[in-house]
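The values are calculated or read from the model by the stated rules, or taken from the named source; none is laboratory data. Note that the structure is predicted; figures quoted are calculated from it, not measured. FYI the Cβ positions are ideal-geometry reconstructions off the backbone, even for glycines, and counts take in every protein chain you see. These accessible areas exclude ligands, DNA and RNA; they are computed on the full protein's heavy atoms, side chains included. Shrake-Rupley method; radii C 1.70, N 1.55, O 1.52, S 1.80 Å.
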Amino acid sequence: TLNDQLHIASITGDLGLVYYYQNRFEEAITNYEQAILAYEINNDSRGVMIAHSNIGDIMLQSEQYERAVKELSIALELARKKKIVSYELDAGLSLVESWIELSQLDRAEKELNTLEPLILKQTSPCILGRRLILMGYLYWKQMQTPLANDFFRRGMEKLESKDCQYDMARASYPLAGFLREQDQVEKARQMLQKAKEIYTKLNNQLGLRAVEKRLRALR
């Protein structure tokens, strides 16, 4: 009733998070989009960045990679303008993953190289592990199998940290594909089963759908 757009934007964004954790993704996206409009009215680029990042994350998890690229690119640009390193790294690494999924390997490699100086300053095993996994994924798609194997191995070692379980689950997708190509189907299945256990604990329905699809492909 006060028409306070800044607080309306904040609350609408928070509602998006509530719906996300309830696995009500269409409602989450609707609230994020409404939050963007309200944040733009108030020239709050940080709020716009967060909302686009959240939509991009849903698109990435639901394997709508072109939409993910659109949303994550906006979030990354805003994060760089505002020099918010945590969002720059998260949006940037997710964008790299999306580019690889779309077979845009040159773009993925360019973005990963751009992020490299920031990544190497980090102590977070999750960020360092994500970088290594994406390097492995990139090398695999570039048909450099020994390098891919090495980076995947090192990446999974980093992601063993208890704080990186979600990232480990996501890393199982490219690694399982790589292992399957190397005729290590049982190892691939074990990786995906571990990811399924993580997603079940997190009550992440998008992750469960994606991992079930990959398990069916191994049968």
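List of remarks:
- Dipole axis of the chain (+1 Lys, Arg; -1 Asp, Glu on Cβ), positive-most option in L78, Q190, Q5: Q190
- Accessible area (Å², per residue) of the chain, counting only protein heavy atoms and a probe of 1.4 Å: 52
- When +1 charges are put on Lys and Arg Cβ atoms and -1 charges on Asp and Glu Cβ atoms, the dipole computed for the stretch 22-73 relative to its Cα centre reaches about 80 debye.
- Charging the Cβ of each Asp and Glu at -1 and of each Lys and Arg at +1, and nothing else, the dipole of the stretch 89-186 about its Cα centre rounds to 180 debye.
- Net charge contributed by nearby residues that have their C-beta within less than 13 Å of I58 (K/R +1, D/E -1): -2
- Pair E157, T200: separation of 7 Å Cα→Cβ label points (nm): 3.0
- Cross-link table K141/K196; K141/K187; K82/K213; K83/K158; K81/K196; K121/K141, entries beyond 30 Å C-alpha to C-alpha: K82/K213; K81/K196
- Gain on full stretching of the segment that runs from Q184 to T1 - 0.36 nm per residue minus C-alpha separation: 59.8 nm
- Placing +1 on the Cβ of every Lys and Arg and -1 on the Cβ of every Asp and Glu, with no other charges, gives the chain a dipole of roughly 680 debye about its Cα centre.
- For the chain, carbon and sulfur atoms together expose 50% of the accessible surface, with a 1.4 angstrom probe and every protein chain in place.
- Label-point separation, E66 to D150 (7 Å along Cα→Cβ), nm: 3.7
- Each part reduced to its alpha carbon centroid, the stretch 79-94 and the stretch 186-211 end up 27 Å apart.
- Sequence of T123, T30 when ordered by accessible area, the most exposed leading, probe 1.4 angstrom: T123, T30
- Positive-end residue of Y137, P125, A169, charge dipole of the stretch 124-169 with Cβ unit charges: Y137
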